Amino acid sequence: MILKPKFGTVEKKINVIKKNNLLRNLQDSRVEKQHIFQNGKKLLNFSSNDYLGIKPGAIKHTQFQSSSRLVSGNDISFSILEKKLSKHKSQEKTIIFPTGYMANIGAISSIADKNSTIFSDELNHASIVEACKLSNAKIKIFKHNDIEDLERKVQRTNGKKIIITEGVFSMDGDWSQLDQISEVAEKHDIITILDDAHGDFVLGQDGKGTSNFFNVEKKVDLYISSLSKGLGSFGGYASGKKSLIDLCVNTSKTFIYTSALPASINQYSLKRLESDRESYRKKLWKKINLFHRRLEEIEFSTKSTSQIIPIIIGKEKTAVEFSKFLRKNGIFAQAIRYPTVKREEARIRISVTGWLSENEIEYSIQILEKAKKKFNLK
């Protein structure tokens, strides 16, 4: 198909993306437990965020509310689930958003404004980056997990301050230095916002998250998290002091101006929240530790300490070829490239989930070892 001249700029942009080995295409697929089916092929799925692997239950269909929550979409299922999530995070109040991305955009842009300065970890998720921009606050990026750099930047700044970090970083799989960040925030009277999408339901006592693991739950002012990762359902939420959540309800555009989640999704989340999550979590960590141990034995180095394990490749083209090799051998693990990560830091992002058996983990390690030799990785 030949594009008209008015689309010339679009065509040029696509060609640049192709030239830099960054083109992405959607592929039809179906996920079933630890497998993903594509083009008639059954693959082990290492690209899922359904970490706990809670056995699915049936979703009872109800009529969709077809309205925003402040109009006629506030089904009682929201109130029930939000109270349970507040207890889960040991907070006063919770508000559910349609997605985790929308929770970050809505909550951060409500709390920060042009009179604020946000201190954001350089590896924070794209939704945090966009939320900071939309808030019109001044933004100061501190080096990843570098507390000294954060302290220096805080000391040089006056006025209202906000620190934002992830609990478990989505591309590197390492944990934030949340205990030390909390000390900086407490010393300088700074609002602390934690995006714990990848730590929630996975870390801490009963899966209460990263702050619980570091014993700083009460030092975090606002939690933003996801229901679609560790819990394996759908949606996002913000949890914190009543005043902060009330502000979100009244000013968050991604809450006010969008249709509510279907009640059936809330009911599904509630079932999973009330399941025997702790037994699933303990089984998950046995598999995470096994995967890390076996990676070390085949001399794959990683800074990860979690269920997210990046295999750093470097060049984008090589990462794509590495992913194709895995796929040919029954492993589905996507190549992650710029702009999700920096240029020349392309990687294969492995997600260990509770669905996987020890035999399947062993098989994946064998294939990774073959790939390591094939692509001459050190």
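In the stretch 171-194, is there at least one residue being modelled with pLDDT of 95 or more, closer than 17 Å to Ile108 by Cβ, part of a loop (DSSP other than H, G, I, E, B) and among the small types (Gly, Ala, Ser)? Yes: one or more hits.
Looking across the stretch 322-338 at every residue that is open to solvent by 50 Å² or more (accessible area, probe 1.4 Å) and touching a residue at least 12 places away in the same chain (Cβ under 8 Å), the one that is farthest from Val16 (Cα to Cα) is identified as Arg327.
The rows are residues; the columns are (1) closer than 30 Å to Leu70 by Cβ; (2) β-branched (Val, Ile, Thr); (3) free of Cβ contacts under 8 Å to residues at least 12 places away in the same chain; (4) in contact with a Pro (Cβ under 9 Å, 6 or more places away or on another chain).
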site	(1), (2), (3), (4)
Ser182	no, no, no, no
Glu186	no, no, no, no
Ala197	yes, no, no, no
Asp200	yes, no, no, no
Phe214	no, no, no, no
Ser233	yes, no, no, no
Thr251	yes, yes, no, no
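Within the stretch 229-258, being buried (at least 17 other Cβ atoms within 10 Å of the Cβ) and among the polar types (S, T, N, Q) holds for Ser233, Ser239, Ser252, Thr254, Thr258.
Kindly indicate which of Ala260, Ala197, Ala238 is aliphatic (A, V, I, L, M), in contact with a Cys (Cβ under 7 Å, 6 or more places away or on another chain) and not in a helix (DSSP H, G or I). Just a single option satisfies the conditions, and that option is Ala238.
The residue that is modelled with the lowest pLDDT, counting only those in the stretch 280-305 that are of a type in the set (Ser, Thr, Tyr) and over 20 Å from Asn359 (Cα atoms), is Ser301. When restricted to residues that are assigned to a helix (DSSP H, G or I) and of a type in the set (Phe, Trp, Tyr), the stretch 200-235 contains 1.
Being among the small types (Gly, Ala, Ser) and in contact with a Gly (Cβ under 8 Å, 6 or more places away or on another chain) is the filter; apply it to the stretch 259-274 and report the residue that is surrounded by the fewest Cβ atoms within 10 Å (Cβ to Cβ).
Taking the stretch 259-274 first, the residues among the small types (Gly, Ala, Ser) are 259-260, 263-264, 269.
Among the residues that remain, those that are also in contact with a Gly (Cβ under 8 Å, 6 or more places away or on another chain) are: 259-260, 269.
Working: Ser259: 14, Ala260: 25, Ser269: 24.
Checking each candidate, the answer is Ser259.
Close contacts from the stretch 76-88, counting a first residue that is within 12 Å of Tyr237 (Cβ to Cβ) and modelled with pLDDT of 95 or more and a second that is of a type in the set (Ser, Thr, Tyr) and part of a helix (DSSP H, G or I), with Cβ to Cβ under 7 Å and a gap of 6+ residues or different chains, come to Leu81/Ser269. Among the residues of the stretch 295-321, those identified as of a type outside the set (A, V, I, L, M, F, W, C) and open to solvent by less than 40 Å² (accessible area, probe 1.4 Å) are Ser304, Ser306, Gln307, Pro310, Gly314, Glu316. Reported count of residues in the stretch 339-378, each being open to solvent by less than 90 Å² (accessible area, probe 1.4 Å), touching a strand residue (DSSP E or B) at 6+ places or on another chain (Cβ under 8 Å) and either of a type in the set (Lys, Arg) or under 13 Å from Ile312 (Cα atoms) (or both), is 10. Looking only at residues in the stretch 148-176 that are among the hydrophobic types (A, V, I, L, M, F, W, C) and over 22 Å from the mean Cα position of the chain (by Cα), the one that is surrounded by the fewest Cβ atoms within 10 Å (Cβ to Cβ) is Val154. Under the condition of being out of contact with any helix residue (DSSP H, G or I) (no Cβ under 6 Å at 6 or more places or on another chain) and under 10 Å from Ala238 (Cα atoms), which residue from the stretch 97-116 is surrounded by the most Cβ atoms within 10 Å (Cβ to Cβ)? Applying the filter and picking the extreme gives Ala103.
The values are calculated or read from the model by the stated rules, or taken from the named source; none is laboratory data. Everything numeric here is computed off the predicted structure, so don't read it as measured data. Virtual Cβ from ideal backbone geometry, glycine too; neighbours counted across all protein chains shown. When the accessible area is computed, the model is the full protein with side chains, heavy atoms only, and any ligands, DNA or RNA have been set aside. Shrake-Rupley method; radii C 1.70, N 1.55, O 1.52, S 1.80 Å.
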